Amino acid sequence: MAKARDIDVIVDAALTWGQIDFKVTDLHADFVGFNLHKWMGAPLGVGFMYIRKERLPDIDRAFCDEDNPPDDIRSRVHSGTTNTANVMTIPAALAFHDSIGIQNKCARLRYLREYWVSRVRDVKNVQILTPDDPRCYGAITSFRIKDKTTKNDNVRIVNQMYDQHKVFTTRRGGIAAGDCVRVTTAVFTSPADLDRLVAAIEDVAAS
């Protein structure tokens, strides 16, 4: 829709690559930012930028960068002093990802998501905010306790779940109708871990 109106689209794909099976070209976007630590397993601070080659001339070189030629994307992103140790981990992270397989990883993460969501969906006062359409979720799902919509409410919920059940979740704001709690599973998360999560949600929903 944006392209039809000659509007540029910049896609923040930080939480997609490594848990969802797709190619950059599937997005039909000229500018995309990716993260390599969230689902690819590289250290914090590692990521990459995609700019469609035909659009490079439309982006000025960063700080008049002349270290790289004008047709090289590296002249558009001036990274300063690079954490070389972090960058050196990328091949190992990609190899580990490939050894699992994106289809296997995606199936595992969706299985884990459904494992806990199906057990709390009908718990009184619990509202699952993330759509159930498989096209709309991966590993992450957010929930809200009824009428607990403030930042302080959700900070207390997150703290209670950690202090009493040793379950780590994250408060998130900026969404419709108030704050919520975000749950993110990883490939190594076990059903037993999620049983603790379910107990923690039941606890905060009743308190």
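All of the numbers you see were taken from the coordinates with simple rules; none came from a lab. Since the structure is predicted, the reported quantities are computational estimates derived from the model, not experimental observations. Backbone-built Cβ (ideal geometry, glycine too); neighbour counts: all protein chains shown.
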When a footprinting reagent is the concern and you count Cβ atoms within 10 Å, what order do Ser190, Ser142 take, fewest first?
Ser190, Ser142
How long are the three semi-axes of the equivalent ellipsoid of segment 1-108, in whole Å, if each is the root of 5 times an eigenvalue of the C-alpha gyration tensor, listed from largest down?
26, 21, 10
Springs between alpha-carbon pairs under 10 angstrom, Gaussian network model over the chain: which of Phe188, Phe63, Phe143 fluctuates most?
Phe63
Read-out Cα Rg over 2.2 N^0.38 Å, derived from the coordinates shown; its label in (1) 1.21; (2) 0.96; (3) 1.12
(1)
Would you mind checking which residues have amide H under 5 Å from Gly47's amide H? H placed 1.01 Å from N; only 5 or more apart, or other chain.
Leu36
Non-local residues with an amide H under 5 Å from the amide H of Val11, with H modelled 1.01 Å from N and Pro and chain starts lacking one, are Phe31, Val32, Gly33
Can you give the calculated 222 nm mean residue ellipticity of the chain, where each DSSP H run of n ≥ 4 adds -39,500 (n - 2.57) and the sum is split over every residue, rounded to the nearest 500 deg cm²/dmol?
-10000 deg cm²/dmol
Hey, how much of the P(r) for segment 102-206 falls beyond 17 Å, as a percent of Cα pairs?
49 percent
Using the number of other C-beta atoms within 10 angstrom as an exposure proxy, rank Asp21, Asp203, Asp98 with the fewest first.
Asp98, Asp21, Asp203
Please work out the C-alpha center-to-center distance from segment 1-54 to segment 155-171 and express it in whole Å.
31 Å
Cα-based count: Lys pairs in the chain below 18 Å, eight or more positions apart or different chains?
7
In whole Hz, what ³J(HN,Hα) sequence does segment 21-27 give by Karplus (6.51, -1.76, 1.60; θ = phi - 60°), x for Gly and Pro?
7, 7, 10, 4, 5, 5, 7
Looking only at trypsin sites (Lys or Arg not before Pro) in DSSP loops with at most 13 other Cβ atoms within 10 Å, what is the longest site-free stretch of the chain?
24-120
Most fluctuating of Cys136, Cys106, Cys180 in the GNM of the chain (C-alpha, under 10 Å) is Cys136
Max mean-square fluctuation residue, GNM over the chain, Cα-Cα springs under 10 Å, options Val11, Val117, Val181
Val11
